[in-house]
Amino acid sequence: MFTVTKRFSRAEMPERGFKTQQDAENFIYEKLREDIKFKLTATYCLYASEGGELLKEFTQRDIPSASSNSSSVESSSGQKGSGQTFSPSPFSSSPRPGGMPQNWKNEDKDDKKD
């Protein structure tokens, strides 16, 4: 019998009990993937129920696909900030009929001197 607990910064909460270690590890990996989606950081501990002996601790770094998932999460969040920036065009964006000057406000040279 194996017991899985979820540890946050100071609190440790029991999750579930399992008959085999493989079932417990599969559960832990599934929960770690969910935590990545919700941007939670938690440590899962696997205990042998026969003496409460800690067998292994699991973090998000222990997931084989965690590096690809976290990098895709980081890159997608990074793209939000740097993907589209405001860059004004030097060209006029308003349509004008042919023959109309670009600057329709003509300033007299005499007005500039005053």
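Relative contact order of the stretch 2-62: what whole-number percent is it, with Cα pairs under 8 angstrom and at least 6 residues apart?
Once divided by the residue count of the stretch 2-62, the mean separation gives 35 percent.
Amide H of L55: which non-local residues (sequence gap of 5 or more, or other chain) have their own amide H closer than 5 Å, using H built in the peptide plane?
Under 5 Å from the amide H of L55: L46, Y47, A48.
At R0 = 30 Å, how high is the FRET efficiency between D23 and R61 if r is their beta carbon distance? Nearest 0.05 is fine.
0.85
Going by how many other Cβ atoms sit within 10 Å of their own, how do T3, T59 line up, fewest first?
Ranked by crowding around the Cβ, least crowded first: T59, T3.
If neighbour count is taken as other Cβ atoms inside 10 Å, put R96, R10 in order from fewest to most.
R10, R96
Please rank T20, T43, T85, fewest neighbouring Cβ atoms within 10 Å first, as an exposure proxy. Present the calculation step by step, with values, prior to reporting the outcome.
Details: T20 10, T43 17, T85 6.
Ordered from fewest to most neighbouring Cβ atoms within 10 Å, T20, T43, T85 come out as T85, T20, T43.
Values in this text are rule-based calculations from the coordinates and carry no lab data. The structure displayed is predicted, hence computed values, not measured ones. Note that we place each Cβ from the backbone using ideal geometry, even for glycine, and neighbour counts take in every protein chain shown.
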